[in-house]
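Structure first, then comments.
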Amino acid sequence: MNLFAKAVSLLTFFKAPGRDFNSFANKEAYAALQHCLQWFENVLNDDGLPASSYSLLLDKLNGPSARTVAHWLDVIVLNSSAQPPDKRENVAFQQQADTLAEWLVKIQRNDGTWPVGSNDYKNRPPSVFQTGIIIDALISYSEKFGAKPDVSMAIENGVQWLFKMQKDNGGWDEYVFGKHLICTNAAAALVKAGIYMGNTNLVKQGKKSLDYYFSFQIGNGFFYFLPTGQKDYFASDYGFILYGFSKAAFMEGSRTYAEKVWQGVKPFIYSGKGHGIIPGIINYEFNAPVNYYSLYGSVLAMLTTLRIYPLLRMEEIAHQTRSLAKQIASAQLKSENKMTHGGFAVSQPSSGGYKPYEISGDAIALFAKALLLLMNTEHNPEYNSNTGVAINRDSIL
């Protein structure tokens, strides 16, 4: 077992004196997070990289993908941020974070982008969405562990490519693979990069993109991409649209953005037949044309609500976040099989009978991130940038 594996197995950093483990935001979230990190530990390859997924049909771990590695890098940064400065596990967290960040730099294409897929990285096509996700993670890594020349150059090259490919209206229409609105994550990455680099023009371009994508929100809150008439989305894709908006709202401290996001995520959450159950496909009337629901979509809805809550401070948002967390945690697999323990399938039949065929590392990493955001507040209070009031999410959730 490597040093990082030993560190995550301990999970001592959440057992702070006086922490109340009686509410979901503590006891149950702590247990769910532990299961997520155990899965991560069990699927690391010899190079210290996590599998992108595990196929139950083939009994096979699939190789690392750039997006999944970026999401786990976010998890490690958040874990480390929850540690006291002198905690010995910090060394292990930084070592693992270095491994993931260095690999992301290594597989960056010559044009500054990151590809989709879990192999043949240099020859796969670039992705606006994926490039935004990875820039975001590398900036968080640099903010926590310090800027390294190769990582800084990778961020700069990725940002310049996004900037170059951006259209006059602020959006992107190349290398989006028909999923235009999930590029809200690239827009959020430009805002984050602009703040990180002190470049107001990048912030301006990111906000221009966000305003363009917000223009496709219709009266009931749904984001309906009119140029292609796209009105049905996989829940995971729609969740990524909302998550990109919510990250930007949080970074900008924009209550206006947050209110628009809530208009889009509220009916998304309520579209299911029960609390925390989001259909696998959603249409512009927030109806479900399928009979299964998406745990992946639920994870992204949870991340979205966590990002806008500090700006809106609505009890309804807190309640829905708790419902989502409970539903996802209840679907976590508890197994003797190390490849499945702590994981869950991307979707499952709403009629019951949980029989996953693939364990998604991406979804597990995002759930771990959501749980950390739920639990970290005691160590790193977030502030409402409109009022300056500290948000203690434990007391709300």
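Going through ALA193, ALA188 one at a time, which residue ends up being in contact (Cβ under 8 Å) with a residue 24 or more places away in the chain, in a helix (DSSP H, G or I) and touching a Lys or Arg at 6+ places or on another chain (Cβ under 6 Å)? Give the derivation first.
Working: ALA193 fails: touching a Lys or Arg at 6+ places or on another chain (Cβ under 6 Å).
Just a single option satisfies the conditions, and that option is ALA188.
Taking segment 319-364 on its own, how many of its residues are in a helix (DSSP H, G or I) and either modelled with pLDDT under 85 or loosely packed, with under 14 Cβ neighbours inside 10 Å (or both)?
At the first step, the residues of segment 319-364 found to be in a helix (DSSP H, G or I) are 319-330, 361-364.
Adding the requirement that they be either modelled with pLDDT under 85 or loosely packed, with under 14 Cβ neighbours inside 10 Å (or both) leaves 330.
Residues meeting the conditions: 1.
Only residues in segment 233-252 that are closer than 15 Å to GLY194 by Cβ and of a type in the set (Asp, Glu) count as the first member; pair them with residues that are part of a helix (DSSP H, G or I) and at pLDDT 95 or above, Cβ under 8 angstrom, at least 6 apart or cross-chain, and list the lot.
As it stands, the answer is GLU252/VAL191; GLU252/LYS207, since those pairs meet every condition given.
Among the helices (runs of 4 or more DSSP H) contained in segment 63-162, which hold 1 or more residues that are more than 19 Å from the chain's Cα centre (by Cα)? If you could, list the steps in order and put the result at the bottom.
Numbers: elements: 66-81, 89-106, 128-145.
Fully inside segment 63-162 and qualifying: 89-106, 128-145.
Take PHE286 and tell me if it is part of a loop (DSSP other than H, G, I, E, B), closer than 19 Å to ILE182 by Cβ and either in contact with an Asp or Glu (Cβ under 6 Å, 6 or more places away or on another chain) or of a type outside the set (D, E, K, R) (or both).
Working: part of a loop (DSSP other than H, G, I, E, B): yes; closer than 19 Å to ILE182 by Cβ: yes; either in contact with an Asp or Glu (Cβ under 6 Å, 6 or more places away or on another chain) or of a type outside the set (D, E, K, R) (or both): yes.
The answer is yes for PHE286.
Are any of the residues in segment 159-172 in contact (Cβ under 8 Å) with a residue 12 or more places away in the chain, at positive phi and hydrophobic (A, V, I, L, M, F, W, C)? Steps first, please.
Filtering segment 159-172 down to residues in contact (Cβ under 8 Å) with a residue 12 or more places away in the chain leaves 159-163, 165-166, 169-172.
Checking the rest, the ones that are also at positive phi come to 170.
If we keep only those that are hydrophobic (A, V, I, L, M, F, W, C) too, we end up with none.
Scanning segment 159-172 turns up no residue that is in contact (Cβ under 8 Å) with a residue 12 or more places away in the chain, at positive phi and hydrophobic (A, V, I, L, M, F, W, C).
Identify, please: which residue in segment 253-272 is hydroxyl-bearing (Ser, Thr, Tyr) and more than 24 Å from LYS192 (Cβ to Cβ) and is, among those, surrounded by the fewest Cβ atoms within 10 Å (Cβ to Cβ)? Even if it seems obvious, please write down each step before you answer.
If we filter segment 253-272 for residues that are hydroxyl-bearing (Ser, Thr, Tyr), which is where we start, we get 254, 256-257, 270-271.
Going one step further and asking which of them are more than 24 Å from LYS192 (Cβ to Cβ), we end up with 270-271.
Values: TYR270: 11, SER271: 20.
The residue in question is TYR270.
Please go through segment 164-185 and pick out each residue that is closer than 23 Å to ASP232 by Cβ and assigned to a loop (DSSP other than H, G, I, E, B). Let's see the steps before the verdict.
The initial filter retains those residues of segment 164-185 that are closer than 23 Å to ASP232 by Cβ, namely 171-185.
Result: GLY171, TRP172, ASP173, GLU174, TYR175, VAL176, PHE177, GLY178, LYS179, HIS180.
Yes or no: segment 234-244 includes at least one residue that is surrounded by fewer than 24 Cβ atoms within 10 Å (Cβ to Cβ) and assigned to a loop (DSSP other than H, G, I, E, B).
For segment 234-244, residues surrounded by fewer than 24 Cβ atoms within 10 Å (Cβ to Cβ) and assigned to a loop (DSSP other than H, G, I, E, B): absent.
Applying the selection to segment 31-48, what residues are free of Cβ contacts under 8 Å to residues at least 60 places away in the same chain and surrounded by 19 or more Cβ atoms within 10 Å (Cβ to Cβ)?
Of everything in segment 31-48, those that are free of Cβ contacts under 8 Å to residues at least 60 places away in the same chain and surrounded by 19 or more Cβ atoms within 10 Å (Cβ to Cβ) turn out to be GLU41, LEU44.
Would it be correct to say that ASP59 is among the acidic types (Asp, Glu) and over 21 Å from MET197 (Cβ atoms)? I'd like the intermediate steps shown before the answer.
On the way: among the acidic types (Asp, Glu): yes; over 21 Å from MET197 (Cβ atoms): yes.
Here the answer is yes, as ASP59 does meet what is asked.
Taking ALA101, is it modelled with pLDDT of 65 or more, in contact with a Leu (Cβ under 8 Å, 6 or more places away or on another chain) and over 17 Å from LEU138 (Cβ atoms)? Show your work before the answer.
On the way: modelled with pLDDT of 65 or more: yes; in contact with a Leu (Cβ under 8 Å, 6 or more places away or on another chain): yes; over 17 Å from LEU138 (Cβ atoms): no.
In short, no.
Among the numbered criteria (1) farther than 22 Å from ALA249 by Cβ; (2) of a type in the set (A, V, I, L, M, F, W, C); (3) modelled with pLDDT under 90, which single criterion is violated by LEU374?
Unmet condition: (1).
If ILE133 meets every condition in (1) at pLDDT below 95; (2) closer than 22 Å to PHE250 by Cβ; (3) not charged (D, E, K, R) apart from one, which number is that one?
(1)
Among the residues of segment 198-232, what is the count of those that are outside any strand (DSSP E or B) and either free of Cβ contacts under 8 Å to residues at least 12 places away in the same chain or acidic (Asp, Glu) (or both)?
First, pick out the residues of segment 198-232 that are outside any strand (DSSP E or B): 198-216, 218-222, 224, 226-229, 231.
Next, only the ones that are either free of Cβ contacts under 8 Å to residues at least 12 places away in the same chain or acidic (Asp, Glu) (or both) stay: 198-201, 204, 211, 215, 219, 226, 229.
Residues that pass the stated criteria total 10.
If we scan segment 215-232, do we find a residue that is under 21 Å from VAL203 (Cβ atoms) and surrounded by fewer than 20 Cβ atoms within 10 Å (Cβ to Cβ)? Before you say what the answer is, go through the steps one by one.
Within segment 215-232, the subset under 21 Å from VAL203 (Cβ atoms) is 215.
Now restrict to residues that are surrounded by fewer than 20 Cβ atoms within 10 Å (Cβ to Cβ): 215.
Looking through segment 215-232, at least one residue is under 21 Å from VAL203 (Cβ atoms) and surrounded by fewer than 20 Cβ atoms within 10 Å (Cβ to Cβ).
Go through segment 108-121 and give me each residue that's surrounded by fewer than 18 Cβ atoms within 10 Å (Cβ to Cβ) and either touching a Lys or Arg at 6+ places or on another chain (Cβ under 6 Å) or in contact (Cβ under 8 Å) with a residue 40 or more places away in the chain (or both).
Start the filter on segment 108-121 by keeping residues that are surrounded by fewer than 18 Cβ atoms within 10 Å (Cβ to Cβ), which leaves 110-111, 116-117, 119-120.
Correct list: ASP111, VAL116, GLY117, ASN119.
Give segment 297-318 a look and list any residue that's of a type in the set (A, V, I, L, M), in a helix (DSSP H, G or I), at pLDDT 90 or above and more than 15 Å from PHE367 (Cβ to Cβ), or say none.
From segment 297-318, those of a type in the set (A, V, I, L, M) are 299-303, 306, 308, 311-312, 314, 317-318; that's our starting set.
Those left that are additionally in a helix (DSSP H, G or I): 299-303, 306, 308, 311-312, 317-318.
Filter once more, keeping what is at pLDDT 90 or above: 299-303, 306, 308, 311-312, 317.
Hits for segment 297-318 are ILE308, LEU311, LEU312, ILE317.
Specify the residue that is modelled with the highest pLDDT; the eligible residues are those in segment 108-126 that are touching a strand residue (DSSP E or B) at 6+ places or on another chain (Cβ under 9 Å) and farther than 15 Å from ALA154 by Cα.
Within segment 108-126, the match that is modelled with the highest pLDDT is PRO125.
The values are calculated or read from the model by the stated rules, or taken from the named source; none is laboratory data. Every value quoted in this text rests on a predicted model; they were computed, and no experiment measured them. We place every Cβ from the backbone using ideal geometry, glycine too, and count neighbours over all the protein chains shown.
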